[in-house]
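Q: There's a structure below that I have some questions on.
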Amino acid sequence: MDIHTMYFEEASPEHTGEVLSAVEAFLEDNPDIRHVVVATTTGETGLRFARALKDRHVVVVTHMTGFAEPNVNELRDDLREAIVAAGADILTTTHALAGVARGIRRQLGTWTATELLAVAFRTFGQGTKVCAEIAMMAADAGLVPVDTDVVCVGGTGRGADTAWVMRPANTSDFTGLKMRACICKPIDF
């Protein structure tokens, strides 16, 4: 695998187009990688990747319902339909590095190992933490294999500013998760 890592000066949704271009270039040079997992909030980022990467299996991972407010999912209905029409799968589920652990911290003020892992991943940037999380979420849902590399795309807030080549793992086999190569990420975050 030949990898050239691109670094952005800062975290920003303005890098989404550059991330998409970097992922496309990487996939062109690595046609054996068939799966791309992309985080999205409203669906805009997910749709951009789903439309551009029709020759790959694209999994668009949303925030879990209730992330921003009870009973609400932030994925816009029109964009959900367009993502599906573009041939991508959509995954909405509990965040691998949050869920019950975040509830315990919020209610009891006690940090658990799961949330501490999220903090550790964030030392490489929010987008890196997102990539690790969505790789496990997609693996748990059976949407990506755990025995081959995939590309994961995340960001800081909205949009995309980070992409990694990863070997996914199920959450029950967390230590099997491999962050194999960084395609792009921000230096300052």
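Q: So, in Å, what gap is there between the alpha-carbon centers of the range 117-136 and the range 1-68?
A: Taking the Cα centre of the range 1-68 as reference, the centre of the range 117-136 is 15 Å away.
Q: Among residues other than D55 whose Cβ falls under 13 Å from its Cβ, what is the net charge (Lys/Arg +1, Asp/Glu -1)? Write out the running numbers ahead of the final one.
A: Details: positive: R34, R51, K54, R56; negative: E24, E28, D32.
Residues close to D55 contribute a combined charge of +1.
Q: Still on this structure, please answer the following. Under 5 Å between amide H atoms, partner at least 5 residues away or on a different chain: which partners does L91 have, H built in plane at 1.01 Å?
A: V60, V61, T62
Q: Hey, another quick one. So if I place +1 on the C-beta of Lys and Arg and -1 on the C-beta of Asp and Glu, and nothing else carries charge, what would the dipole magnitude of the range 6-182 be about its Cα centre? I want it in debye, nearest 20.
A: For the range 6-182, the charge dipole is close to 480 debye.
Q: Compactness ratio of the range 31-102: Cα Rg over 2.2 N^0.38 Å, N = residue count?
A: Values: Rg = 12.7 Å, N = 72, 2.2 N^0.38 = 11.2 Å.
The value comes to 1.14.
Q: Of C182, V61, G17, which is farthest on the positive side of the dipole of the chain, counting Cα position, with +1 on Lys and Arg Cβ, -1 on Asp and Glu Cβ, and the Cα centre as origin?
A: V61
Q: Let me know the whole percent of all Cα-Cα pairs from the range 72-165 that are separated by more than 20 Å.
A: That tail contains 46 percent of the Cα-Cα pairs.
Q: May I pose another question? Once you've got the GNM for the chain with C-alpha springs shorter than 10 Å, pick whichever of I104, I83, I33 has the biggest mean-square fluctuation.
A: Largest GNM mean-square fluctuation: I104.
Q: Above 20 angstrom, tally the Cα pairs of the chain and express them as a % of all pairs, no decimals. Write out the running numbers ahead of the final one.
A: On the way: 9001 of 17766 pairs.
More than 20 Å apart: 51 percent of the Cα pairs in the chain.
Q: From the residues H35, G99, L75, which one has its Cα farthest along the dipole of the range 6-182 in the positive direction, the dipole being from +1 and -1 charges on Cβ of Lys/Arg and Asp/Glu about the Cα centre?
A: G99
Q: Going by C-beta contacts inside 10 Å, put S12, S172 in order with the fewest on the left.
A: Values: S12 17, S172 9.
Fewest to most other Cβ atoms nearby, the residues stand as S172, S12.
Q: Can you list, by residue number, the Cys in the chain that have no neighbouring cysteine C-beta under 4.7 Å?
A: C182, C184
Q: Using each residue's phi in the range 30-38, evaluate 6.51 cos²θ - 1.76 cosθ + 1.60 at θ = phi - 60° and report the 3J(HN,Hα) Karplus result to the nearest Hz, with x for Gly and Pro.
A: Values per residue, Gly and Pro as x: 9, x, 6, 7, 9, 10, 10, 10, 10 Hz.
Q: Would you calculate the separation in nanometres between label points at T148 and N30, each defined as 7 Å from the Cα along the Cα-to-beta-carbon direction?
A: 1.4 nm
Q: So, one more: Would you work out the charge dipole size for the range 1-77 about its Cα centre, treating the Cβ of every Lys and Arg as +1 and the Cβ of every Asp and Glu as -1, and quote it to the nearest 20 debye?
A: 400 debye
All of the numbers you see were taken from the coordinates with simple rules; none came from a lab. Since we're looking at a predicted model, the values are computed, not measured. Using ideal geometry, Cβ is built from the backbone for each residue, glycine included, and neighbour counts are taken over all protein chains shown.
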